[in-house]
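Beneath this line is the structure, given in C-alpha cells, with notes to follow.
Every number in this text was worked out from the coordinates using simple rules, so none of it is lab data. Please read these numbers as outputs of a predicted model, since none were measured by experiment. A quick note on method: Cβ atoms are made from the backbone with ideal geometry, for glycine too, and the neighbour counts reach across all protein chains shown.
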Amino acid sequence: MRFRLQLISAAMTVIAAFAAPAAVADKTSEAYVETQANAVLKVLNNQTLSDADRRERFSTYMHKFAYVPDIARRVLGPRARTLSQAEFDTYYKAFEQYAIAVYETQLDQFRGQEIKVTGSRDDDPRRSKVTSLIKSARSGGDIEVVWDVLKSKDGTTYRVRDVGLNLDGSIFWLAQEQSVQFQSFLDRNQGDVGKLVKQINQMTADLRARPAGSPSTIGKASP
C-alpha cells in the first residue's frame with residue numbers, strides 16, 4: 001500500500017509540474033522589448049531622414065535588437081551545417097538584407113505608434129515570450145505582437161529570436177515562416193543554396209519596390 005501511495009504521489013507531482021502555468025518573465029525582458037522596439041519605430045517615424053539613411057539606421061537597430069546570424073542559421077535548418085564558411089557567408093549576406101526588409105515592411109504598418117507591453121511568460125530560464133499591443137496606423141485597431149526573447153548565458157543582455165503577429169487568433173512567426181518557405185524551396189531544387197540566394201535577393205528587391213504604406217503581404221508570398 002505504501003508503495004502504491006508513493007507512486008500516486010509521484011504521478012501527481014509530475015502532473016502538477018506540467019499543469020503549472022509558466023512563470024512570469026522578469027521585468028527586464030519586458031523593459032528591453034518596450035524600449036528597443038519603440039526606438040526602432042522612432043527610426044521609421046523620423047521624417048528628416050532620407051530613405052537610405054532610415055534604412056541604414058533601421059538595420060543598425062535591428063542588429064542590436066535581434067541576433068540576425070542565429071536567425072539565419074535557424075531559418076536554413078540542418079542544411080546550414082553542411083555549408084562551407086564561404087557558402088554560408090554568401091547566403092547570410094542575402095538573408096541579412098531580406099530579413100531587414102521583412103521587419104521594416106512589417107513594422108512600417110505601425111508607423112507613428114508606440115508599443116505597449118501587456119505581459120510575458122517564461123518558456124525556460126533564458127527564454128521569454130513578451131506580449132505587446134501596437135495600434136495599426138492603417139486600421140486604427142490594436143494588433144498583438146509577441147517577441148521571442150533570449151537572455152544571454154551571463155544574464156546581462158537580451159536578443160529577440162523571432163517576432164510573432166496575431167492574425168485572426170493565430171500567431172504568425174516571421175522566422176518560422178521563412179524557415180518553412182526556404183526549406184520547401186530547397187526541397188524542390190535539390191538543396192541548391194545558390195538558387196535560394198538568388199530567390200532571396202529577388203524577394204528583397206520586390207519588398208524594396210513596394211510603395212510605402214502598402215498593405216502587408218505577410219503569409220502570402222513564398223519562394
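Brief remarks follow.
- Alpha-carbon geometry of region 22-209: the Rg and the Dmax are 16.9, 47 Å, given in that order.
- Amide H contacts under 5 Å for E114, placed H, 5+ residues apart: K135
- Beta bridges per DSSP with both ends in region 22-209, % antiparallel, nearest 5: 95
- Sorted ascending by nearby beta carbons within 10 Å, beginning with the fewest, V68, V149 become V68, V149.
- Among the listed pairs K42/K93; K27/K151; K64/K153; K64/K198; K64/K116; K64/K93, those beyond 22 Å (Cα-Cα): K42/K93; K64/K198
- Projecting the Cα atoms of V197, L174, A31 onto the charge dipole of region 22-209 (Cβ charges, centred on the Cα centre) puts V197 farthest toward the positive pole.
- Working ranking of peptides 30-41, 186-197 by packing, defined as the average number of other Cβ atoms within 10 Å per residue, highest first, is 30-41, 186-197.
- Rounded to whole Å, the principal axis extents of the Cα atoms in region 121-171 read 41, 19, 14, largest first.
- Here the calculated FRET efficiency for K116 and T48, from their Cβ-Cβ distance with R0 = 30 Å, stands at 0.70, rounded to the nearest 0.05.
- F185, F95, F65 arranged by Cβ crowding within 10 Å, fewest neighbours leading: F185, F65, F95
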